[in-house]
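> Pasting a structure below so you can have a look.
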Amino acid sequence: MSSALPAQQDKVIYDEADVPGYFLQDPLLKGDGHDVKDAEDWEKVRRPEIFKLFEDMVYGKAPPAPEKIHFKVKESSDEAYDGKAKRRQVAIQLTDDPDGPVLNLLIYLPKTDQPVPTFLALNFYGNASINNDPAVFLPTSWLRDNKEKGVENHKATEKLRGSSSSRWPVEMILDKGYGLATAYYGDIDPDFDDGFENGIHPFFSGGAKPKPSEWGSIAAWAWGMSRALDYLQQDKEVDGSKVISMGHSRLGKTALWAGATDSRFAAVISNNSGCGGAALSKRAFGETVKRINTNFPHWFCDNFTQYNDWEKALPVDQHELIALIAPRPCLVCSAEEDRWADPRGEFLSAKHASPVYEFLGVEGLKADEMPAVDQPVLSRLGYVIRAGGHDVKPIDWQRYMEFADAHVRGK
Ligand code: GTR
């Protein structure tokens with residue numbers, strides 16, 4: 001007999017009938033067993049309880065922001081997109097050390113004298129991958145090799161330009177009056193298991209590996225989004241009170257945690273974020289805690305591995321992550337064929353976070369049952385399932401903007 005796990009345990013659950021029975025904590029019940037009394041009780045007692053559990057057991061605690069914001073505007077033009085848009089490229093120092101790591105933020109803004117609401121979203125292959133603008137700097141940080149995308153020997157080539165443009169309908173975003181700010185997630189922490197030797201971690205720990213309750217890569221990327229927000233909030237061209245944290249997949253997990261850790265984000269949009277994002281872990285549907293911790297040991301804090309094959313013992317689940325974002329607008333987006341990310345589990349998280357929105361006196365999720373494909377529910381806590389697979393498409397952005405028009409822009 002081999003010592004491998006029994007086949008049953010390694011089988012991916014793709015059938016509702018195989019989802020184990022599970023119990024979800026009531027986000028409105030405090031650790032001492034009493035109901036949350038009012039908004040203040042939520043803010044001062046219950047929310048911090050939930051927050052701490054996520055920090056200690058799931059994503060890991062990140063260090064505070066640097067003392068001061070240091071940045072350099074590296075490039076600026078008012079003639080981007082045939083004169084339609086402004087482009088800014090800003091190097092943001094991630095530590096107080098001028099020789100330390102830098103986050104390169106690319107910003108496009110519609111031409112107006114008014115500060116604009118802006119989407120902030122990290123990207124997977126560097127700023128130059130989002131469009132064919134030859135003025136955008138190629139990334140210099142480590143990149144995952146991908147010949148098709150124009151990455152060789154972990155370095156960008158000219159071929160990288162625009163290789164992810166289908167996910168970034170920049171002109172459409174500008175035409176609707178929104179700004180777009182993006183940065184390469186690998187500027188903050190390279191996405192491979194390097195024992196936290198590279199990226200931001202060693203600058204805060206004197207080179208030591210994070211403790212079991214300290215930040216993994218998702219927490220580092222989220223922390224980096226906050227550093228971008230530090231900059232955007234002092235940029236007069238951007239409406240710093242209307243910056244929306246958005247992300248796809250692992251960066252959707254990141255966008256949610258950024259929204260939970262930093263209440264300056266006006267709203268959060270997660271796309272196909274799945275396990276460790278919007279999907280309930282206890283369903284164990286598609287990607288499980290064990291699989292994610294095995295394939296990506298650097299994403300979460302080490303304490304999270306305690307729940308490998310033992311999701312039922314989790315002291316929190318992902319509906320409470322969304323509850324941490326309340327009462328701010330939050331849109332959870334799934335894709336029908338992206339079963340690995342458990343669309344239903346993503347819907348259920350929103351549904352079970354909804355009572356917190358309502359408790360705080362705002363609109364919750366306006367759907368008791370999972371909506372049909374391509375029937376977006378764009379309430380303040382919203383949910384959409386799109387036809388097709390794991391991806392970001394222009395139609396997704398259309399929905400993000402419809403959602404932002406309703407809940408962010410005019411407020
Ligand atoms: C997958 C991973 C998912 C999701 C995805 C992505 O391999 O299992 O959790 O994050 O990657 O980021 O594209």
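The values are calculated or read from the model by the stated rules, or taken from the named source; none is laboratory data. Note that the structure is predicted; figures quoted are calculated from it, not measured. Glycine gets a Cβ as well: all are built from the backbone with ideal geometry, and neighbour counts include every protein chain shown. Accessible surface is based on the protein model in full, side chains and every heavy atom, while ligands, DNA and RNA are left aside. Shrake-Rupley method; radii C 1.70, N 1.55, O 1.52, S 1.80 Å.
> Please state which one of ALA267, ALA258, ALA208 is at pLDDT 95 or above, over 18 Å from ASN123 (Cβ atoms) and hydrophobic (A, V, I, L, M, F, W, C). Show your work before the answer.
Values: ALA258 fails: over 18 Å from ASN123 (Cβ atoms); ALA208 fails: at pLDDT 95 or above.
Going through ALA267, ALA258, ALA208 in turn, just one is at pLDDT 95 or above, over 18 Å from ASN123 (Cβ atoms) and hydrophobic (A, V, I, L, M, F, W, C): ALA267.
> Now for a different question. Which condition from (1) out of contact with any Gly (no Cβ under 8 Å at 6 or more places or on another chain); (2) under 27 Å from GLU337 (Cβ atoms); (3) free of Cβ contacts under 8 Å to residues at least 40 places away in the same chain is the one that GLY259 breaks?
Just one mismatch for GLY259, condition (3).
> Does ILE269 count as crowded, with 24+ Cβ neighbours inside 10 Å and either aromatic (Phe, Trp, Tyr) or in contact with a Cys (Cβ under 9 Å, 6 or more places away or on another chain) (or both)? Spell out the reasoning first.
Numbers: crowded, with 24+ Cβ neighbours inside 10 Å: yes; either aromatic (Phe, Trp, Tyr) or in contact with a Cys (Cβ under 9 Å, 6 or more places away or on another chain) (or both): yes.
Taking the combined requirement at face value, the residue satisfies it.
> Any idea which residue in the range 95-112 is farthest from ASP78 (Cα to Cα), counting only those that are modelled with pLDDT of 95 or more and open to solvent by 10 Å² or more (accessible area, probe 1.4 Å)? Step through it out loud before you land on a result.
The first filter runs over the range 95-112 and keeps only residues modelled with pLDDT of 95 or more, leaving 102-112.
Going one step further and asking which of them are open to solvent by 10 Å² or more (accessible area, probe 1.4 Å), we end up with 102, 104, 110-112.
Numbers: VAL102: 24, ASN104: 19, PRO110: 9, LYS111: 8, THR112: 11 Å.
Selected residue: VAL102.
> In the range 167-211, which residue that is part of a helix (DSSP H, G or I) and under 18 Å from ARG144 (Cβ atoms) is nearest to the chain's Cα centre (by Cα)? Break it down stepwise before answering.
Our first condition is that a residue be part of a helix (DSSP H, G or I); within the range 167-211, this holds for 167, 170-175, 185-187, 201-205.
After this cut, where a residue has to be under 18 Å from ARG144 (Cβ atoms) as well, the list is 167, 185-187.
On the way: ARG167: 15, TYR185: 11, GLY186: 14, ASP187: 16 Å.
Once the filter is applied, the top-ranked residue is TYR185.
For every residue, the table says whether it meets (1) touching an Asp or Glu at 6+ places or on another chain (Cβ under 7 Å); (2) over 18 Å from PHE403 (Cα atoms); (3) of a type in the set (Phe, Trp, Tyr); (4) modelled with pLDDT of 95 or more.
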residue	(1), (2), (3), (4)
ALA278	yes, no, no, yes
VAL289	yes, yes, no, yes
ASP302	no, yes, no, yes
ASP317	no, yes, no, yes
SER334	yes, no, no, yes
GLU337	no, yes, no, yes
LYS351	no, no, no, yes
PHE359	no, yes, yes, yes
VAL362	no, no, no, yes
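> Next up: Checking GLU79 against (1) of a type in the set (Asp, Glu); (2) closer than 18 Å to TRP221 by Cα; (3) open to solvent by 100 Å² or more (accessible area, probe 1.4 Å), which test does it fail?
All conditions are met except number (2).
> Continuing with the same structure: Given the residues LYS37, LYS44, LYS86, LYS72, which is the only one that is loosely packed, with under 13 Cβ neighbours inside 10 Å and closer than 17 Å to LEU232 by Cα? Spell out the reasoning first.
Numbers: LYS37 fails: closer than 17 Å to LEU232 by Cα; LYS44 fails: closer than 17 Å to LEU232 by Cα; LYS86 fails: loosely packed, with under 13 Cβ neighbours inside 10 Å.
Result: LYS72 is the single residue among LYS37, LYS44, LYS86, LYS72 that is loosely packed, with under 13 Cβ neighbours inside 10 Å and closer than 17 Å to LEU232 by Cα.
> Still on this structure, I have one more. If the requirement is being more than 24 Å from LYS68 (Cβ to Cβ), more than 16 Å from the ligand (Cβ to nearest atom), open to solvent by less than 10 Å² (accessible area, probe 1.4 Å) and β-branched (Val, Ile, Thr), which of these qualifies: ILE244, ILE200, ILE218?
ILE244
> For residues that are among the hydrophobic types (A, V, I, L, M, F, W, C) and within 16 Å of the ligand (Cβ to nearest atom), tally how many sit in the range 373-396.
Within the range 373-396, the first condition is being among the hydrophobic types (A, V, I, L, M, F, W, C), and the residues that meet it are 373, 377-378, 381, 384-385, 387, 392, 395.
If we keep only those that are within 16 Å of the ligand (Cβ to nearest atom) as well, we get 392.
Selection size over the range 373-396: 1.
Table: residues versus (1) in contact with a Gly (Cβ under 6 Å, 6 or more places away or on another chain); (2) among the aliphatic types (A, V, I, L, M); (3) surrounded by fewer than 23 Cβ atoms within 10 Å (Cβ to Cβ).
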position	(1), (2), (3)
CYS333	no, no, no
GLU337	yes, no, yes
TRP340	yes, no, yes
GLU346	no, no, no
ALA350	no, yes, no
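> Being free of Cβ contacts under 8 Å to residues at least 24 places away in the same chain and within 12 Å of the ligand (Cβ to nearest atom), is that true of even one residue in the range 336-345?
Among the residues of the range 336-345, not one is free of Cβ contacts under 8 Å to residues at least 24 places away in the same chain and within 12 Å of the ligand (Cβ to nearest atom), which makes the answer no.
> Next up: Return only the number of the condition from (1) without any contact (Cβ under 8 Å) to a residue 60 or more places away in the chain; (2) β-branched (Val, Ile, Thr); (3) within 17 Å of PRO64 (Cβ to Cβ) that THR294 does not satisfy.
(3)
Yes/no matrix, rows are residues, columns are (1) more than 24 Å from LEU53 (Cα to Cα); (2) touching a strand residue (DSSP E or B) at 6+ places or on another chain (Cβ under 9 Å):
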site	(1), (2)
GLU171	yes, yes
TYR178	yes, yes
ALA181	yes, yes
ASP189	no, no
ASP194	yes, no
HIS201	no, yes
GLY207	yes, no
SER213	no, yes
GLY216	no, no
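> With the checklist (1) buried (at least 17 other Cβ atoms within 10 Å of the Cβ); (2) hydroxyl-bearing (Ser, Thr, Tyr); (3) closer than 28 Å to TRP257 by Cβ in hand, flag the one item TYR22 doesn't pass.
(1)
> Whether any residue in the range 154-163 is within 16 Å of the ligand (Cβ to nearest atom), more than 18 Å from the chain's Cα centre (by Cα) and buried (at least 17 other Cβ atoms within 10 Å of the Cβ) is what I want to check.
Going residue by residue through the range 154-163, those that are within 16 Å of the ligand (Cβ to nearest atom) are 163.
Those left that are additionally more than 18 Å from the chain's Cα centre (by Cα): 163.
Then drop every residue that is not buried (at least 17 other Cβ atoms within 10 Å of the Cβ), which leaves 163.
Yes; the residues of the range 154-163 include at least one that is within 16 Å of the ligand (Cβ to nearest atom), more than 18 Å from the chain's Cα centre (by Cα) and buried (at least 17 other Cβ atoms within 10 Å of the Cβ).
> Does TYR125 qualify as being open to solvent by less than 40 Å² (accessible area, probe 1.4 Å) and either part of a strand (DSSP E or B) or at pLDDT 95 or above (or both)?
Yes, satisfied.
> Taking LEU120 and the conditions (1) of a type in the set (A, V, I, L, M, F, W, C); (2) closer than 17 Å to SER226 by Cβ; (3) surrounded by fewer than 23 Cβ atoms within 10 Å (Cβ to Cβ), which numbered condition does it fall short on, given that it satisfies the others?
Condition not satisfied by LEU120: (3).
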